[in-house]
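The values are calculated or read from the model by the stated rules, or taken from the named source; none is laboratory data. Computed from a predicted model, the values in this text were never measured in an experiment. Glycine gets a Cβ as well: all are built from the backbone with ideal geometry, and neighbour counts include every protein chain shown. Remember, those area values only see protein heavy atoms, side chains included, never the ligands or the DNA or RNA. Shrake-Rupley method; radii C 1.70, N 1.55, O 1.52, S 1.80 Å.
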Amino acid sequence: MEADGRPGALAGIRVLEIAQALAVPFAGILLADMGADVVKVEPPGGDGIRYTMEPIVPGESKGFTLVNRGKRGICLDVTRPEGRPVLERLARWADVVMVSLKPADLPRYGLRYEDFAAINPRVVYLEHAPLGKRGPFGGDPGYDVVVRGMSGTAVLTARERDGAPMNIRPAFNDMGTGAFSALGVVAALRHRDLTGEGQRIETSLLGTSMALGHQLLSWFGVTDAQKDGPYREEMAEARARGDGFAEQRAIWERHYVRGGYANIYFRHYRTKDGFVSVGCLSPQLNARFREVTGVRDPRTEPGFDLGTAEGYDRLTQLVRETEDLFGSRTTGDWVTVLRAGGIPCGPLNFPPDVFNDPQLVENGYVVEMEHPLLGPYKTFGPALQMDVTPVRVGASAPQLDEHTDAVLGELGFGPGEIGALRAAGVVGRG
């Protein structure tokens with residue numbers, strides 16, 4: 001709680017997180033920011049991303065620290081039968097259990113929904129399977145880069161390097177899955193409040209990626225059915241020739257994103273001293289953009305035909321002229337002019353710059369924290385605010401094994417029992 005004493009909306013909710021990497025742990029920090037008591041279970045050796053994702057000191061990386069704030073951390077070997085009594089007490093303690101392990105390991109170690117529900121019928125149980133539990137890849141491990149490829153979003157976002165798509169960061173499917181997971185947990189808790197009934201929730205990176213692809217991952221018979229044949233024929237020829245990613249993506253754009261390459265209204269522009277981002281998504285804003293910049297878009301002229309070579313050339317010229325125009329003035333000049341004209345825009349910040357941008361700082365989108373090993377650092381603040389039940393950032397991420405004894409004590413284990421479990425290697429860091 002803060003000085004005003006107001007609890008978060010999820011104060012009193014106890015969450016058990018048995019997960020590594022990013023997706024489910026990101027859900028955990030969202031729940032913790034809203035007041036939940038989140039206990040993260042790590043294996044004796046620690047979560048794998050403690051040692052990857054830009055390690056700073058041994059056993060502590062940027063990736064782990066940023067995605068595990070506000071939690072308590074314990075070490076428990078869930079694969080050991082001797083750890084079963086600890087797991088069962090945690091199951092009784094928890095309102096929510098979130099699991100992200102190989103699906104084949106869940107029955108092997110008694111980590112299925114049915115196992116937890118037999119102990120605690122009111123439990124809300126979230127199971128994360130990156131590629132989904134069914135289908136030819138059902139139960140396979142998967143990461144953001146894999147689902148971007150399978151979902152088609154890599155075509156939308158990737159850049160080319162040496163003829164192949166280059167993966168980009170951040171891992172938006174992980175973070176998106178975390179947000180969807182937290183939403184599912186809150187909805188299931190609402191249902192439990194009304195009925196007393198717990199339930200299982202399933203999330204996946206692949207499902208998230210499809211959802212985030214929005215209109216570019218859709219198919220409408222009225223507009224797209226006639227495109228499929230020519231697209232597939234041309235794509236087969238390109239692949240037979242060994243064309244690279246850029247050439248193959250251009251084929252898709254030509255058939256399915258007609259004129260998309262000439263979107264002068266919604267993009268980043270190079271300026272005289274940097275870059276500016278412009279977002280116009282309505283006819284009214286497009287007209288305002290033309291008025292402020294003086295650009296003439298041939299698509300507004302009667303009889304313009306995008307399907308002709310002349311039409312393609314005119315749009316290519318339009319893009320070039322607009323880019324040259326933005327390159328003639330500074331970012332500050334353009335931001336001033338565009339905002340005065342009511343056009344959504346902003347400077348394009350490189351990552352180190354965002355921590356000094358007053359728009360982000362003054363809204364609390366950037367927070368400063370202190371880590372016992374890493375010292376001061378800055379990270380993202382809560383993405384939402386609530387008037388009555390504040391959303392706030394808790395302590396920094398737990399150190400390995402930091403809260404094991406305290407949590408086991410809360411579960412009723414005495415010092416001797418905890419010592420025996422540690423001696424057996426069931427709990428505590430390895």
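Annotation for the stretch 264-352: chymotrypsin sites (Phe, Trp or Tyr not before Pro) lying in DSSP loop with at most 15 further Cβ atoms inside 10 Å of their Cβ are Phe304.
In terms of distances greater than 25 angstrom between alpha carbons, the cross-link table entries Lys133/Lys227; Lys71/Lys378; Lys40/Lys378; Lys71/Lys102; Lys40/Lys102 yield Lys133/Lys227.
Note: relative contact order over the stretch 66-183, using C-alpha pairs below 8 Å and six or more positions apart, is 17 percent. Within the set (1) -0.59, -0.87; (2) -0.46, -0.72; (3) -0.70, -0.87, the number that log10 I(q)/I(0) by the Debye sum over Cα atoms at q = 0.08, 0.10 Å⁻¹ takes when calculated for this structure is listed as (1). Considering only the other residues whose Cβ falls under 9 Å of the Cβ of Val393, what net charge follows from Lys and Arg at +1 and Asp and Glu at -1? For residues surrounding Val393, the net value is +1.
Distance from the C-alpha centroid of the stretch 411-430 to that of the stretch 300-344: 67 Å, rounded to the whole angstrom.
Would you mind telling me the share, in percent, of accessible area of the chain contributed by carbon and sulfur at probe 1.4 angstrom?
Result for the chain: 55 percent of the exposed heavy-atom area is carbon or sulfur.
Leaving out ligands and nucleic acids, note down the accessible area per residue over the chain with a 1.4 angstrom probe, in whole Å².
With all protein chains present, the chain gives 52 Å² per residue.
For the stretch 1-100, the set of GluC sites (Glu not before Pro) satisfying both a DSSP loop assignment and a count of at most 16 other C-beta atoms within 10 Å is given as Glu2. Local charge for Leu131 was computed over the other residues whose Cβ lies under 15 Å away, with Lys and Arg +1 and Asp and Glu -1, and equals -1. Semi-axes of the equivalent ellipsoid for the stretch 175-297, computed as √(5λ) from the eigenvalues of its C-alpha gyration tensor and ordered from largest down, come to 37, 26, 16 Å. For the stretch 157-255, GluC sites (Glu not before Pro) meeting the loop criterion (DSSP other than H, G, I, E, B) and having at most 15 other Cβ atoms within 10 Å: Glu197.
Relative to the dominant Cα principal axis of the chain, helix 283-293 is inclined by about 60°. Here the stretch 171-263 is treated with +1 on each Lys and Arg Cβ and -1 on each Asp and Glu Cβ, and its dipole about the Cα centre works out to around 120 debye. Which is the longest part of the chain that has none of the trypsin sites (Lys or Arg not before Pro) sitting in a DSSP loop with at most 14 other Cβ atoms within 10 Å? Counting at most 14 other Cβ atoms within 10 Å as exposed, the longest clean stretch of the chain is 297-430.
Answer rounded, prolate or oblate for the stretch 35-157, using the Cα gyration tensor with square roots of eigenvalues a ≥ b ≥ c: rounded when a/c is under 1.5, else prolate when a/b is larger than b/c, else oblate. Oblate shape, in that a/c is at least 1.5 and b/c is the bigger or equal ratio. Taking the stretch 382-430, how much of its Cα-Cα pair set, in percent, is spaced more than 17 angstrom apart? In whole percent, the long-distance tail amounts to 52.
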